[in-house]
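The values are calculated or read from the model by the stated rules, or taken from the named source; none is laboratory data. These numbers were taken from a predicted model, which means no experiment stands behind them. Cβ sites come from the backbone with ideal geometry, for glycine too, and all protein chains shown count toward neighbours.
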Amino acid sequence: MAARARHVGRLIDHIGMVVRDFPASEAFNDKVNADPALVQIRADALRDAQGSTLEIGFGSGLNLEHYPAAVSKLLAIEPNPGMLERASASAACRFRWR
């Protein structure tokens, strides 16, 4: 449990840094999120997720590929309409929108 908390903490620290310095550029966002270190942090943070899961700040859906099969239901919340457009257009996002 402590290891997972460390991974989640590292992800939050990284995201905080990106949000503070974020230019209005999708290309920049894509480059940052493709960083292998960040991809590994996402995978590590979600490895033990299971059952009904809530993701606050869904963004463009980059975490989807890291959720294990043990997640039976995902409720994703994203207040940014631009990110919702990116998520709904993403091939990775094949689920029912409400």
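Observations
- Residue match in region 73-86 (condition: basic (Lys, Arg), touching a strand residue (DSSP E or B) at 6+ places or on another chain (Cβ under 8 Å) and either at pLDDT 70 or above or on the phi > 0 side of the Ramachandran plot (or both)): yes
- Count of region 51-81 residues, restricted to those that are surrounded by 13 or more Cβ atoms within 10 Å (Cβ to Cβ) and more than 20 Å from Asn29 (Cα to Cα), is 4.
- Among the residues of region 25-56, the ones that are touching a residue at least 40 places away in the same chain (Cβ under 8 Å) and not in a helix (DSSP H, G or I) come to 2 in all.
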